[in-house]
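The values are calculated or read from the model by the stated rules, or taken from the named source; none is laboratory data. Keep in mind the model is a prediction, meaning the values are calculated, not measured. No Cβ is skipped: glycine too gets one built from the backbone with ideal geometry, and neighbour counts run over all protein chains shown. Note: accessible area is taken over every heavy atom of the protein model, side chains too, but ligands, DNA and RNA are not part of it. Shrake-Rupley method; radii C 1.70, N 1.55, O 1.52, S 1.80 Å.
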Amino acid sequence: MTLLAVEKLDCRYGLLQAVRGVSFEVGQGETVALIGANGAGKTTLLRAIAGAHRPHGGRVLMDGADINSMPAHRRVSRGIALVPEGRRLFGGLTVMENLRVAASRRPGRWSVDSVLEVFPMLQPRRRALAANLSGGEQQAVAIGRALMSNPRLLLLDEVSLGLAPVVVDAVYRSLSGIIGEGATVVLVEQDLTRALEVAGRVICLLEGRVVLEGRAASLDRDRVVSAYFGLKRPA
Amino acid sequence: MTILNAILQGIFLGAFYAVLACGLSIMFGVMRIINLAHGDVAVLGAYIVLVIVDRTGVSAFVAFLIALPVMVVLGYALHFSVLERSLRAGILTPLLATFGLSIVIQNLLQLAFSPDVHSLGGSAGAVTTSSWQVTGGLSVSALGVLVLVTAVVVFGALQLLLSNTRLGWMMRATAEDADAAELVGINSRAVYASATALAVVIAALGGLFLGIRSVFDPVSGPTQLIFAFEAVVIGGMGSLWGTLLGGIALGIAQTLGAQIHPQFAVLAGHLLFLAVLVARFGGARVVLRTAR
Ligand SMILES: Nc1ncnc2c1ncn2[C@@H]1O[C@H](COP(=O)(O)OP(=O)(O)OP(=O)(O)O)[C@@H](O)[C@H]1O
Ligand SMILES: [Mg+2]
């Protein structure tokens, strides 16, 4: 069943066209990796889906309903949650407050307690200000904060950025637990190997366009790499 | 003893300035708006209380309670009609818009109430006249105590709101990063609007105290705005308890200044304000220069 559909989406910053006619669908329970070089438009695309960027053209549909005119906070109550690039925690709020402020009325598995269970490293830091956390702890809070709304669609923008490899492993271990429970996830990841590992399907963006799309298992790495850098146009 | 008394009176006066400044501080803290109409909103609140007192004969305090819902509605109306649009247009526009609003409110008050001065002192009961003589030179007025206690209660309640309620967390989150707040499901428009409503209600409380302490007329607003603004800056922009302390520091400066000469009172306050500005910003420039 299709959960999210993006139709001919166009996003601009003034004259700069960051996303050009992008269309794809994400089914319930799928994990899709969005890859592409710097400036390919991945962040813009995720922000447009989450409602933080108003697209210039095209549509975003959730459960088949057009949500284009819905502000970001209402999309959260529809079940879309974005872990934004750069984490964007509320630094002056404690870990608990960051989580609790994001709690929604949507029923589900996630609460402050269950988030702390999945990210045990946060347990002793509950009363610390988010600004004083380490990078890994901050990323855990950012993911936990998104989970607090019990999303049906989780959008993750470069969750491993700036983290030590061991910390990335820990974050992905928690994530694969969440994915294993049947969450629907669209993730942006610079690390190709990791992206191909966690995702069932891969979409590669190049200068705002989809240049390659396919099942992660069926794509060979060389094709992905050349699409990634735009070395040759794959058929 | 006169110095001690001056300081005590300064604390009472400063608590009044802090109440006036509180709403200004909230709006600056949450939306980065400096509401130049804040003083006029306070005076408007005083007039609304005055109208209720005149019509019904209740005391000014009861009239204020009746005026509260009106002020809440006014706050939301102000936000959605003027502030929200101007916020979208950049940093300078809210300043210009609230400056215009200040003039509009003053003119509307002139039209409705004539330029005469009014006071709420007569309808506030015994609190305006009672005082306790502690020792020879030291007297504690009931009104001063009332204003001080109210100020502490208002700031304390705000502190509780900000650190213990969901609305408080939403306000702090939105103040830090409105875009990220939207992404976690916070309706930032609604949060901004409730911050404005809260600021307007507290401004009206300031207006009530202004009317009871002294007199007001349609153009009293800007003077109140200046004192409120000075209190906010002295207390360190946007910090809650800082604003209370800033108000009290301003009040003490004024009453101590009045000891030197009555005409020196307001000037002493301005001098303190300037000194703080120089210490904070002038000082930073010196540091930068030496670091370079
Ligand atoms: N706020 C902005 N204003 C103007 N241009 C922007 C803005 N944000 C992004 N862009 C431009 O839009 C294009 C797409 O940017 P976007 O951040 O979506 O790419 P990305 O794929 O997420 O890149 P990265 O891998 O570096 O995060 C880039 O050319 C970028 O310079
Ligand atoms: Mg990006």
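Couple of notes before you dig in:
- Taking only the Cα atoms of the stretch B:192-242, the radius of gyration and Dmax are 12.2, 32 Å.
- Surface accessible to a 1.4 Å probe, per residue, for the residues of the stretch A:47-94, Å²: 37 Å²
- The angle between the Cα long axis of helix A:165-180 and the main principal axis of chain A comes to about 80°, on a 0 to 90 degree scale.
- For the protein assembly as shown, the Cβ-based charge dipole about the Cα centre amounts to some 660 debye (Lys, Arg positive; Asp, Glu negative; other atoms uncharged).
- Cα-based shape type of chain B, given that a ≥ b ≥ c are square roots of the gyration tensor eigenvalues and the cut on a/c is 1.5: oblate
- For the stretch A:157-235, the list of trypsin sites (Lys or Arg not before Pro) that fall in a loop by DSSP and count at most 12 other C-beta atoms within 10 angstrom reads A:LYS232.
- Remark on the stretch A:121-160: accessible area falls by at least 10 square angstrom from chain-alone to full-complex state for A:ARG145, probe 1.4 angstrom.
- About the Cα centre, charge dipole magnitude for chain B (Lys/Arg +1, Asp/Glu -1 at Cβ), debye: 560 debye
- Size of electric dipole in chain A: Cβ of Lys, Arg +1 and of Asp, Glu -1, about Cα centre, debye, nearest 20: 580 debye
- Heavy-atom accessible surface that B and A bury in contact, both chains counted, 1.4 Å, Å² to 100: 1700 Å²
- Computed FRET value (nearest 0.05) for A:LYS8 with B:LEU65, which takes r as the C-beta separation and R₀ as 56 Å: 0.50
- Fraction of C-alpha pairs exceeding 25 angstrom in the stretch A:96-235: 34 percent, rounded to a whole number.
- The three principal axes of the Cα atoms in the protein assembly as shown give end-to-end lengths of 92, 48, 46 Å, sorted in falling order.
- Å² of accessible area per residue within the stretch B:2-291, as computed with a 1.4 Å probe and no ligands counted: 43 Å²
- Per-residue SASA remark: A:GLU25, around 100 Å² accessible (1.4 Å probe; ligands, DNA and RNA not included).
- 0 to 90° range, to nearest 10: angle between helix A:135-147 axis and chain A longest Cα axis: 80 degrees
- Extension gain for A:SER69 to A:LEU15 (0.36 nm times residue separation, less C-alpha to C-alpha distance): 17.2 nm.
- Both numbers refer to the Cα atoms of the stretch A:90-176; Rg and Dmax are 12.1, 35 Å.
- Phi angles of the stretch B:116-133 translate, via the Karplus equation with coefficients 6.51, -1.76, 1.60 and θ = phi - 60°, into HN-Hα couplings of 4, 8, 10, 9, 9, x, x, 10, 9, x, 5, 4, 6, 10, 6, 7, 10, 8 Hz per residue; Gly and Pro are given as x.
- Computed label-point distance, nm, for sites B:GLU84 and A:SER23 using a 7 Å Cα→Cβ extension: 3.6 nm
- FRET E, pair B:LEU92, B:ALA142, Förster distance 60 Å, beta-carbon r, rounded to 0.05: 0.85
- Relative contact order [Cα under 8 Å, 6+ residues apart], the stretch A:33-122, whole percent: 18 percent
- Residue (of B:LEU205, B:ILE11, B:THR93) at the positive-pole extreme of chain B, dipole from beta-carbon charges: B:THR93
- Placing a pseudo-label 7 Å from each Cα along the Cα-to-Cβ vector at B:THR135 and B:GLN263 gives an inter-label distance of 3.4 nm.
- Summed side-chain charge close to B:GLY251 - residues other than B:GLY251 whose Cβ falls under 14 Å, Lys, Arg +1, Asp, Glu -1: 0
- Mean separation of Cα pairs under 8 Å and 6 or more residues apart, divided by the residue count, gives chain B a relative contact order of 38 percent.
- Percent accessible area from carbon and sulfur atoms, the protein assembly as shown, protein chains only, probe 1.4 Å: 62 percent
- Sorting A:PHE119, B:PHE113 by accessible area puts them as B:PHE113, A:PHE119; the probe is 1.4 Å, largest comes first, and only protein heavy atoms count.
- Relative contact order, percent, chain A [alpha-carbon distance under 8 Å, six or more residues apart]: 26 percent
- Heavy-atom accessible area with a 1.4 Å probe sorts B:HIS79, B:HIS270, B:HIS261, A:HIS56, largest first, into A:HIS56, B:HIS261, B:HIS270, B:HIS79.
- Under the span-like rule (Cα at least 30 Å along the axis, Kyte-Doolittle mean at least -1.0), DSSP H helices of chain B: B:2-31, B:92-113, B:142-164, B:188-213, B:240-260
- The distance from the alpha carbon centre of the stretch A:128-181 to that of the stretch B:101-172 is 47 Å, rounded to a whole number.
- Applying the criteria of a DSSP loop state and at most 14 other Cβ atoms within 10 Å to the GluC sites (Glu not before Pro) of the stretch A:155-189 yields A:GLU181.
- 1.4 Å probe, heavy atoms, protein only - residues of the stretch B:169-196 losing at least 20 Å² accessible area vs chain alone: B:TRP169, B:ARG172, B:ALA173, B:GLU176, B:ASP177, B:ASP179, B:ALA180, B:GLU182, B:LEU183, B:VAL184, B:GLY185, B:ASN187
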